[in-house]
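The values are calculated or read from the model by the stated rules, or taken from the named source; none is laboratory data. Everything quoted here is computed from the prediction, not taken from an experiment. Every residue, glycine among them, receives a Cβ derived from its backbone with ideal geometry; neighbour counts consider all protein chains shown. These area figures cover heavy atoms from the full protein model, side chains too; ligands, DNA and RNA do not enter into them. Shrake-Rupley method; radii C 1.70, N 1.55, O 1.52, S 1.80 Å.
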Amino acid sequence: MSTSKETIPDFPPPRSAACPFAPSPEMQALAAYGPVSQVRSWGGSTPWVVTGHAEQRQLLGDPRLSVDFAAPNFPSPIDPRHGYGAAVDLSFVGMDDPEHLRLRRMISGTFTIKRVEAMRPSVQRMTDDFIDRMLAGPRPVDLVQALALPLPSLVISEMLGVPYEDHAFFQANSKVIVSATAGRDERTAAHNALADYLDELVARKIAAPGPDLISTLGSHVQAGELTAREAAAMGVLLLLGGHETTANMISLGTLALLQHPEQLKTIRDTDDPQVVVDAVEELLRFLSIVHLGRRRTALEDISIAGRTIPAGDGVILLGELANRDPLVFDDPHTLDLTRNARQHQAFGGGTHHCVGQPLARMELQVLYPTLFRRIPTLRAAVPLEDVKFKYDAVIYGLHELPVTW
């Protein structure tokens with residue numbers, strides 16, 4: 001199906017109550033227009049959407065695509081009248097190379113697989129501690145507040161050197177920043193509150209450094225490689241990304257497994273770590289919580305899949321559709337924890353792939369089997385239609401998940 005000015009569809013809602021674990025039917029329908037087509041978005045703009053897995057993999061590594069939020073036709077995931085790009089400074093996430101790589105290299109060593117694996121016993125203890133508190137408390141309990149949110153918050157707090165007792169503060173402000181409905185002033189205030197907090201913390205770490213990532217950023221400030229505010233912006237990015245995304249995967253993945261009991265047995269009953277690794281990759285593919293696509297602007301004309309994306313046009317790489325591309329994944333709309341799903345693009349690709357993906361993977365590999373082994377009778381305390389999904393957020397997940405056992 002080709003698109004013309006008359007047939008360009010509107011950019012659809014990413015999720016629907018009709019299929020809460022999958023892209024909305026309207027989103028899935030975009031694939032019928034071909035792997036590269038156009039949609040109509042804010043103010044009548046017509047950015048390109050890339051739905052094919054192979055085409056996305058090619059473009060994610062293409063330096064002719066810019067991530068600069070301030071570009072004139074950057075296809076914001078939020079109505080520009082709310083000012084998403086202007087309201088928050090997401091550090092190197094909104095920068096192109098070489099500046100992106102310069103800043104990214106300052107922190108990437110912390111997230112190597114070797115360093116993350118060394119944290120696994122500590123994350124296991126944290127997980128068991130939070131589950132102990134759940135079991136000792138009343139039922140039903142909100143899994144989001146009892147486990148999904150506090151676990152990654154504690155993990156990233158310890159990595160960064162952020163006092164965990166401040167978790168309510170940074171969780172509340174992070175929630176506003178990733179909201180798709182918060183206004184410009186709200187988002188700006190939330191970001192500035194976090195930036196001011198991290199600014200003060202960087203100063204304290206410069207005066208009294210420790211074995212944490214904020215202290216590392218402080219050393220770059222002292223060396224003249226970063227300004228204090230740039231270090232604070234990197235801290236905001238790491239704090240927000242380190243707990244918000246993983247928290248949503250924990251809660252949404254838990255619900256998906258509860259809704260697929262035969263699949264749940266696969267991850268609960270195995271003693272093989274590789275089975276758990278494969279199961280987590282499939283959950284990442286199946287759920288695709290980055291559900292508004294990865295946004296770019298073309299710096300040059302780009303020819304791909306028989307189409308030409310003109311220089312200056314916006315481009316939206318819909319990973320949620322690439323992760324269900326039938327040319328790559330057999331029966332892609334089925335959750336199958338035994339499949340090889342490692343080609344998924346839940347963490348993006350190219351130089352802008354998620355720097356924290358080893359940490360997220362490890363936390364999920366610990367969390368899911370531990371939760372279901374320790375509470376084998378765990379179940380949702382409300383019907384699926386009463387679960388509060390994050391249809392209103394840039395990162396998909398659950399606002400709350402009442403569970404009992």
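Annotations for the structure displayed:
- For Val155, the criteria (1) within 26 Å of Ile250 (Cα to Cα); (2) in contact with a His (Cβ under 9 Å, 6 or more places away or on another chain); (3) modelled with pLDDT under 95; (4) open to solvent by less than 30 Å² (accessible area, probe 1.4 Å) hold in every case but one, which is (3).
- Taking (1) assigned to a helix (DSSP H, G or I); (2) over 22 Å from Glu117 (Cα atoms); (3) touching a residue at least 12 places away in the same chain (Cβ under 8 Å); (4) not hydrophobic (A, V, I, L, M, F, W, C) in turn, Glu282 satisfies each apart from (2).
- Single match in Leu217, Leu226, Leu240 (criterion: in a loop (DSSP other than H, G, I, E, B) and open to solvent by less than 30 Å² (accessible area, probe 1.4 Å)): Leu226
- Here is the figure for the range 25-60: residues that are small (Gly, Ala, Ser), under 22 Å from Leu287 (Cβ atoms) and surrounded by fewer than 20 Cβ atoms within 10 Å (Cβ to Cβ) total 2.
- From the options Ile250, Ile289, residue that is within 23 Å of the chain's Cα centre (by Cα), aliphatic (A, V, I, L, M) and more than 19 Å from Gly348 (Cβ to Cβ): Ile250
Yes/no matrix, rows are residues, columns are (1) free of Cβ contacts under 8 Å to residues at least 40 places away in the same chain; (2) of a type in the set (Ser, Thr, Tyr); (3) within 16 Å of Tyr197 (Cβ to Cβ):
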residue: Gln145; (1), (2), (3): no, no, no
residue: Pro150; (1), (2), (3): yes, no, no
residue: Leu160; (1), (2), (3): no, no, yes
residue: Asp166; (1), (2), (3): yes, no, yes
residue: Val178; (1), (2), (3): no, no, no
residue: Thr181; (1), (2), (3): no, yes, no
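- Qualifying residue in the range 166-176 (condition: in contact with a strand residue (DSSP E or B) (Cβ under 9 Å, 6 or more places away or on another chain), under 30 Å from Gly293 (Cα atoms) and surrounded by fewer than 19 Cβ atoms within 10 Å (Cβ to Cβ)): yes
- Listed by first and then second residue, the pairs with beta-carbon distance under 6 Å, at least 6 apart or on different chains, first residue in the range 100-123 and part of a helix (DSSP H, G or I), second modelled with pLDDT under 95 and aromatic (Phe, Trp, Tyr), are His100/Phe92; Leu103/Phe92; Arg104/Phe92.
- Some residue of the range 225-238 being at pLDDT below 95 and in contact with a strand residue (DSSP E or B) (Cβ under 7 Å, 6 or more places away or on another chain): no
- Entry remark, the range 256-273: residues being surrounded by fewer than 22 Cβ atoms within 10 Å (Cβ to Cβ) and of a type in the set (A, V, I, L, M, F, W, C) number 3 in total.
- The condition of being closer than 25 Å to Thr266 by Cβ and assigned to a helix (DSSP H, G or I) holds for only one of Leu337, Leu359, that being Leu359.
- If the condition is being in contact (Cβ under 8 Å) with a residue 12 or more places away in the chain and within 26 Å of Lys390 (Cβ to Cβ), then the range 124-143 contributes Met126, Thr127, Phe130, Ile131, Arg133, Met134, Arg139, Pro140, Val141, Asp142, Leu143.
- Considering the range 362-396, the residues that are part of a helix (DSSP H, G or I) and within 20 Å of the chain's Cα centre (by Cα) include one that is surrounded by the most Cβ atoms within 10 Å (Cβ to Cβ), namely Glu363.
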